[in-house]
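Chemist: Just dropping this structure here.
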Amino acid sequence: MASFPIGEGDDLAKKMTELFGPAQIDHMVRQANQFCWMGLPKERRSIDEVESQIRRIVERALSDFREDRVAFGTSGDA
């Protein structure tokens, strides 16, 4: 995911915001759920297991995102 400091890349950031709106994000999340289901061993395929794994992966990704923003000096909310 791209991150743009304030005042830099505003036009590109706006175009990306328009392209990746709520419908696109919803589609991608649903795909991730399906991929997770398919990736689990058959004996572990359940809605609860998919939920557990998706939550684990998302929590780790958000944590890494925060850590990376600090490490690369872009820790602001912009």
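Coordinate-derived values only; no laboratory data. Everything quoted here is computed from the prediction, not taken from an experiment. Backbone-built Cβ (ideal geometry, glycine too); neighbour counts: all protein chains shown.
Chemist: Restricting the search to the range 21-78, which residues are surrounded by 11 or more Cβ atoms within 10 Å (Cβ to Cβ) and of a type in the set (S, T, Y)?
Modeler: S46, S52, T74, S75, listed by residue number.
Chemist: Any idea which of E59, E49 is in contact with a helix residue (DSSP H, G or I) (Cβ under 9 Å, 6 or more places away or on another chain) and among the charged types (D, E, K, R)?
Modeler: Selected residue: E49, the only one of E59, E49 that is in contact with a helix residue (DSSP H, G or I) (Cβ under 9 Å, 6 or more places away or on another chain) and among the charged types (D, E, K, R).
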